[in-house]
Amino acid sequence: MAMSMSKKVVSRVKNKQGSSTSRILTLPVLAIAGCLTILPNVAVAASYRNDYSVCASRLLSVGVTAQAASEGCAAALRPRDLAACVVKIDKETQIAATDALSSCGRARRPEELATCVVGVSLSTKEEANPTVLDYCGRSLLPVRFGQCVVGLRSQIDFPPTQALDTCISADDSVIGASSSSTPPTIIPAGSSPSLETIPFPNQPVVPTQPVVPTQPVVPTQPVIPTQPGTN
């Protein structure tokens, strides 16, 4: 009887030790699994605080309303570029950030638009501020357009609006010519052109003569040998 009681006690002790060991091993596994579940969520949340957060913060800093900032940043393909465009124009010209926001939002390359607006505004001494945004926004090559206005006015004394009209007309002509013409083939110096680089004029297609079917060949009669002694 005493031996059976002692065996039960030993069995209970072993069971307790086994359960405590399993608990100790299970806790770290659960903790690791929880961390692996949380980390992707944290990474996703952090990714959403990048471009859009920076865009909204920068627009608010230059006086854009919360509603306009949220709508502008949400609609922008590159929110950081949109904010950079608005801030640059606001800081370096007399144009208000609220006026620049719509033009920067419509631009394909907002930073190039800002470069154009700032350069032209400095060249015209802010005389054409209401129209500079419109002209730079209309140009498909805003940096080239700005260089045209600034370059012409540096050598020719004419009103800012005339320079804007002249360059925007030339801008449209250049874009139309480049889109309708084929760029020439550039051959490196010291190399001879290959057949692939030399365009050949199209030769006129000469119609082929109809093929006349040939007459069927009539087989010849076999030659019968003559009998000896006969004429």
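Things to note:
- One residue stands out among those in segment 85-111 that are among the hydroxyl-bearing types (Ser, Thr, Tyr) and buried (at least 19 other Cβ atoms within 10 Å of the Cβ): the one that is nearest to the chain's Cα centre (by Cα), which is Ser103.
- Restricted to segment 73-84, and to residues there that are surrounded by 19 or more Cβ atoms within 10 Å (Cβ to Cβ) and under 24 Å from Ser121 (Cα atoms), the residue that is nearest to the chain's Cα centre (by Cα) is Asp81.
- Filtered by the rule that a residue be closer than 18 Å to Gly119 by Cβ and among the β-branched types (Val, Ile, Thr), segment 57-102 gives Val86, Val87, Ile89, Thr93, Ile95.
- Lone unmet requirement of (1) surrounded by 13 or more Cβ atoms within 10 Å (Cβ to Cβ); (2) assigned to a helix (DSSP H, G or I) for Val64: (2)
- Residues satisfying the stated conditions in segment 45-59, i.e. modelled with pLDDT of 65 or more and either within 22 Å of the chain's Cα centre (by Cα) or surrounded by 17 or more Cβ atoms within 10 Å (Cβ to Cβ) (or both): Asn50, Asp51, Tyr52, Ser53, Val54, Cys55, Ala56, Arg58, Leu59
- Top-ranked residue of segment 112-125 - restricted to ones that are at pLDDT below 95 and open to solvent by 50 Å² or more (accessible area, probe 1.4 Å), ranked as farthest from Ala69 (Cα to Cα): Lys125
- In segment 121-148, the residues that are on the phi > 0 side of the Ramachandran plot form Cβ pairs under 9 Å with partners that are outside any helix (DSSP H, G or I) and surrounded by 15 or more Cβ atoms within 10 Å (Cβ to Cβ), at six or more places apart or across chains, as follows: Glu126/Thr93; Glu126/Ile95.
- For segment 74-128, a tally of residues being of a type in the set (Lys, Arg) and in a helix (DSSP H, G or I) returns 4.
The values are calculated or read from the model by the stated rules, or taken from the named source; none is laboratory data. It should be emphasised that the depicted structure is a prediction, and the values quoted were computed from it without experimental measurement. Cβ atoms come from the backbone with ideal geometry, glycine included; neighbour counts cover every protein chain shown. Note: areas computed on protein heavy atoms with side chains; ligands, DNA, RNA excluded. Shrake-Rupley method; radii C 1.70, N 1.55, O 1.52, S 1.80 Å.
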